[in-house]
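Structure first, then comments.
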Amino acid sequence: MRITPYLRLLSTALLLWGLPAKALLQTCCSGGVPITANLGLPPEVGGVLQVSLRYDLNTLETLLDGRTVLNDDARNRQTHSTLLQLGYSFNERLSVDALFSWVRQERTIRQFGNRDFTATNGIGDAVFLFKYKLFATFQNQTVVTGALGVKAPLGAPDLTTADGLPIIADLQPGSGAWDGIVWGQMVHVVGFRPSMSLAGTAVYSVKGENDTYLGSQIYQFGNEVQLMLSASDRLLLGKLVIDPSVTLRFRQVATDRINRQILPNTGGTWLFINPGISHWFNNDFSASLNVELPLLSDVTGTQVSPTYRINAGVFYRFHLKKGNDSIHNIF
């Protein structure tokens, strides 16, 4: 009989037993760095370099047991992410995106007059996405794009507290594992209103294993599915060019695993609404702001779930080849 898996589970249990009781109450949550939700720059003609720099604040203050909101405001989580995304179009069909992140994770627990605060920060994981335009109608009225990618474990997965105590996986800047990503998107310009577009995006992320978790454990985040439906329009307010938008985002995450055994209080299903607005200073430069709120949250077990999320940033296009006007001309 193989005893190694049981020894690993026993050692993990002993380690957790030695942690403060307050830490056990918040071992897992539905937060994390919003990498896959920010993937995918607009399709472009060849020779265009796109740069997006965004700040993302994800606040989790809602304690749930399944769908039931518990009357407990003693704990909260915040994830601050700075996301740099670069995209280059080799031609009208083939392009590549790269997303790099810097992450700060914070957890606060208040009980019996005491405050327990844990924070980590550092370079996060990166994503490389190779996109190919599968289908396009005349004047790109409808565009279908597919992509394959990987998430590279650039971020640290093994930071400890000042006292040398281990920090749980979902508070680390990185996952310590390679992930596979399948991405697809369809964008359609509405015929009766050419300034309006509809978009559907699907992302499937297959999570890899971090086999050095807590020194010798194996940790695997749950596979993730995201579906996004969005509508955007263009309004002229005097000389201002404004793009209002609204997005519905469905997210389903499987339970995490430690030593290939299911980890309780992980995974769940969410539906978010995300209204946003962008302002274009010229054809190539814009700034945007959006806020995301949960419409439905159904977690596995008891977890702290997202309460709101704020995402703001700027976007710029560089034309590296002469005569390659953008397919998104505004002015």
Revision key, fill the gap. Here the residues within segment 125-146 that are outside any strand (DSSP E or B) and modelled with pLDDT of 95 or more are Asp125
Study note, to complete from the structure: Considering segment 172-221, residues that are within 14 Å of the chain's Cα centre (by Cα) and not in a strand (DSSP E or B), and then whichever is surrounded by the fewest Cβ atoms within 10 Å (Cβ to Cβ), we arrive at Lys207
Review point. Which residues, counting only those in segment 166-223, are under 25 Å from Gly268 (Cα atoms), of a type in the set (A, V, I, L, M) and either free of Cβ contacts under 8 Å to residues at least 24 places away in the same chain or out of contact with any strand residue (DSSP E or B) (no Cβ under 8 Å at 6 or more places or on another chain) (or both)?
Key: Ile168
Exercise for review: For segment 285-306, state whether one or more residues are among the aromatic types (Phe, Trp, Tyr) and under 23 Å from Val33 (Cβ atoms).
Suggested key: no
Check your understanding: Is it the case that Asn290 is at pLDDT 95 or above, under 21 Å from Asn58 (Cβ atoms) and either touching a Gly at 6+ places or on another chain (Cβ under 7 Å) or loosely packed, with under 14 Cβ neighbours inside 10 Å (or both)?
Key -> yes
Practice item. Scan segment 122-129 and give yes if some residue there is among the β-branched types (Val, Ile, Thr), in contact (Cβ under 8 Å) with a residue 40 or more places away in the chain, within 30 Å of Gln50 (Cα to Cα) and surrounded by 16 or more Cβ atoms within 10 Å (Cβ to Cβ), otherwise no. Key: yes
Study note, to complete from the structure: Conditions (1) over 22 Å from Thr161 (Cα atoms); (2) in contact (Cβ under 8 Å) with a residue 24 or more places away in the chain; (3) not acidic (Asp, Glu) -> Val69 fails only (2)
Practice item. Only strands (runs of 3 or more DSSP E) wholly contained in segment 227-315 count here; list those with 3 or more residues that are over 17 Å from the mean Cα position of the chain (by Cα) and touching a residue at least 24 places away in the same chain (Cβ under 8 Å). Key: 240-253, 268-280, 285-299
Revision key, fill the gap. Going through segment 147-171 in order, the residues found to be at pLDDT 95 or above, of a type outside the set (D, E, K, R) and part of a strand (DSSP E or B) are Ala147, Leu148, Gly149, Val150, Ala152
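Looking for whichever is at pLDDT 95 or above and under 30 Å from His188 (Cα atoms) here; the options are Ile258, Ile277. Which one fits?
Checking each option against the conditions leaves just Ile277.
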Point to revise | Test for Ser297: is it hydroxyl-bearing (Ser, Thr, Tyr), buried (at least 19 other Cβ atoms within 10 Å of the Cβ) and under 26 Å from Ala74 (Cα atoms) | key: yes
**Study point:** Sole residue being surrounded by 14 or more Cβ atoms within 10 Å (Cβ to Cβ), without any contact (Cβ under 8 Å) to a residue 40 or more places away in the chain and out of contact with any helix residue (DSSP H, G or I) (no Cβ under 7 Å at 6 or more places or on another chain), chosen from Thr108, Thr137, Thr145
**Key:** Thr108
Check your understanding: Right, Gly113: surrounded by fewer than 17 Cβ atoms within 10 Å (Cβ to Cβ), among the small types (Gly, Ala, Ser) and without any contact (Cβ under 8 Å) to a residue 12 or more places away in the chain or not?
Key -> yes
Study note, to complete from the structure: When every residue in segment 71-94 that is in a strand (DSSP E or B) and either touching a Gly at 6+ places or on another chain (Cβ under 6 Å) or β-branched (Val, Ile, Thr) (or both) is compared, the one nearest to Ala312 (Cα to Cα) is Thr82
Study note, to complete from the structure: Given (1) modelled with pLDDT of 95 or more; (2) on the phi < 0 side of the Ramachandran plot, Arg93 misses just (1)
Review point. Quick one: is Leu99 more than 30 Å from Ser216 (Cβ to Cβ), within 18 Å of the chain's Cα centre (by Cα) and touching a residue at least 24 places away in the same chain (Cβ under 8 Å)?
Key: yes
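The values are calculated or read from the model by the stated rules, or taken from the named source; none is laboratory data. Just so we're clear, the structure is a prediction, and the values are computed from it rather than from any experiment. Cβ atoms come from the backbone with ideal geometry, glycine included; neighbour counts cover every protein chain shown.
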